[in-house]
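Okay, structure first, notes after.
The values are calculated or read from the model by the stated rules, or taken from the named source; none is laboratory data. Bear in mind the structure is a predicted one, so any value in this text is a computation, not a measurement. In this analysis, Cβ positions are derived from the backbone assuming ideal geometry, glycine residues included, and neighbour counts consider all displayed protein chains.
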Amino acid sequence: MRRVRMAGGVEVPVLGQGAWNIGDSRAAHEAEIQALRLGLDLGMTLIDTAEMYGNGASERLVGEAIAGRRDEVFLVSKVLPSNASRPGVARSCRESLKRLGTDRLDLYLLHWRGGVALAETIDAFEILRREGLILQWGVSNFDVDDMQEFVGKARPGGCLVNQVLYNLEHRGIEHDLIQYGVEQGVTLMAYSPVGQGGELLRHPALRTVAGRHGVSPAQVALAWTIRQRGIISIPKAATEAHVRENAAAADLALQPDDLAELDRAFPPPESKQPLAML
């Protein structure tokens with residue numbers, strides 16, 4: 001699978017595995033673990049989770065899935081803004097590590113901006129980095145103005161990633177945030193790349209493009225999010241069939257007529273839009 005080279009030379013697959021809404025069902029437990037493990041086999045070695053997901057249930061399931069394979073994984077978790085103080089970050093990180101069964105995170109993100117001063121959160125991240133509990137840090141759900149303030153308080157190159165909502169239905173970041181990330185060396189990670197609830201995947205334009213290539217609408221939606229170099233996409237998959245479908249999307253090359261058709265159905269932004277979040 002092709003890879004994205006981030007600031008500092010860190011390389012990760014262009015498609016990772018999201019772990020939102022997994023770990024909550026005892027009946028689905030084994031299937032979800034096998035899906036994550038298959039994803040690793042297929043090269044989707046970035047796994048994204050958060051302390052918020054299922055109040056730690058997602059992290060526990062991810063920890064079980066990567067047991068014995070930790071060194072293969074680029075492991076990402078997130079701290080809630082209510083825990084973003086210096087002592088709160090330290091406590092949350094150690095609790096996440098315990099649930100994940102590991103001694104370090106490859107990337108630790110502030111889930112969204114809250115009431116704690118950004119400088120304090122950055123200090124907390126840097127302490128964890130020096131202690132070796134995290135290797136890199138970044139943010140999630142930050143728009144350009146938030147990023148400018150955050151990056152301005154950090155050491156050069158300190159903020160590695162901004163994880164944001166990005167799919168055909170939510171293209172607002174194309175107006176300015178993508179370019180800002182390029183200029184600052186902050187990689188964008190797209191969550192919910194195929195939308196929520198399946199409505200996006202039923203759109204006639206998506207189905208037409210999918211039919212043209214003999215693939216699924218979900219594969220088109222995923223391939224669209226990673227059409228630009230430097231963007232990582234983290235779809236969720238709870239079954240092995242879904243994982244295989246996601247992984248194959250990395251090899252789908254959308255053509256100019258495909259992109260033009262999708263642009264007509266889902267127009268790119270003409271002006272600044274509020275940052276979309278889930």
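Only residues that are polar (S, T, N, Q) and either part of a loop (DSSP other than H, G, I, E, B) or buried (at least 18 other Cβ atoms within 10 Å of the Cβ) (or both): list them for region 185-238, please.
Within region 185-238, THR187, SER192, GLN196, SER216, GLN219, THR225, GLN228, SER233 meet the criteria.
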Checklist outcome for this item: If you go through ARG155, ARG171, ARG129, the only one that is of a type outside the set (Asp, Glu), touching a residue at least 60 places away in the same chain (Cβ under 8 Å) and surrounded by fewer than 22 Cβ atoms within 10 Å (Cβ to Cβ) is ARG171
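Please go through region 48-63 and pick out each residue that is under 14 Å from the mean Cα position of the chain (by Cα) and either at pLDDT below 95 or outside any loop (DSSP other than H, G, I, E, B) (or both). Explain how you work it out, then say what you get.
First pass over region 48-63, keeping only residues under 14 Å from the mean Cα position of the chain (by Cα): 48-50, 53.
Across region 48-63, the qualifying residues are ASP48, TYR53.
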Next on the checklist: I'm trying to understand the selection: among the residues of region 250-269, which are touching a residue at least 60 places away in the same chain (Cβ under 8 Å), part of a loop (DSSP other than H, G, I, E, B) and either among the charged types (D, E, K, R) or crowded, with 16+ Cβ neighbours inside 10 Å (or both)?
Outcome noted: PHE266
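Taking the conditions exactly as written (touching a Pro at 6+ places or on another chain (Cβ under 7 Å), surrounded by fewer than 24 Cβ atoms within 10 Å (Cβ to Cβ) and either of a type in the set (Lys, Arg) or not in a helix (DSSP H, G or I) (or both)), does MET44 satisfy them or not? Give the derivation first.
Working: touching a Pro at 6+ places or on another chain (Cβ under 7 Å): yes; surrounded by fewer than 24 Cβ atoms within 10 Å (Cβ to Cβ): no; either of a type in the set (Lys, Arg) or not in a helix (DSSP H, G or I) (or both): yes.
Against the criterion (touching a Pro at 6+ places or on another chain (Cβ under 7 Å), surrounded by fewer than 24 Cβ atoms within 10 Å (Cβ to Cβ) and either of a type in the set (Lys, Arg) or not in a helix (DSSP H, G or I) (or both)), MET44 does not qualify.
State which residue is surrounded by the most Cβ atoms within 10 Å (Cβ to Cβ) when the search covers only region 1-41 and only residues that are over 18 Å from GLY230 (Cβ atoms) and of a type in the set (Asp, Glu). Give the steps one after another, and end with the answer.
Pass one, region 1-41, residues over 18 Å from GLY230 (Cβ atoms): 17-41.
Restricting the remaining residues to those that are of a type in the set (Asp, Glu) gives 24, 30, 32, 41.
On the way: ASP24: 14, GLU30: 10, GLU32: 24, ASP41: 12.
This residue is GLU32.
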Checklist outcome for this item: Filter region 158-168 for residues that are in a loop (DSSP other than H, G, I, E, B) and of a type outside the set (Gly, Ala, Ser); the one that is surrounded by the fewest Cβ atoms within 10 Å (Cβ to Cβ) is LEU168
Checklist entry - If you scan region 239-249, which residues turn out to be within 13 Å of VAL14 (Cα to Cα), surrounded by 20 or more Cβ atoms within 10 Å (Cβ to Cβ) and among the aliphatic types (A, V, I, L, M)? => result ALA247, ALA249
Checklist entry - Among all residue pairs at least 6 apart or on different chains, which show Cβ distances below 6 Å where the first residue, located in region 20-43, is of a type in the set (D, E, K, R) and the second is at pLDDT 95 or above and surrounded by fewer than 19 Cβ atoms within 10 Å (Cβ to Cβ)? => result ASP24/ALA57
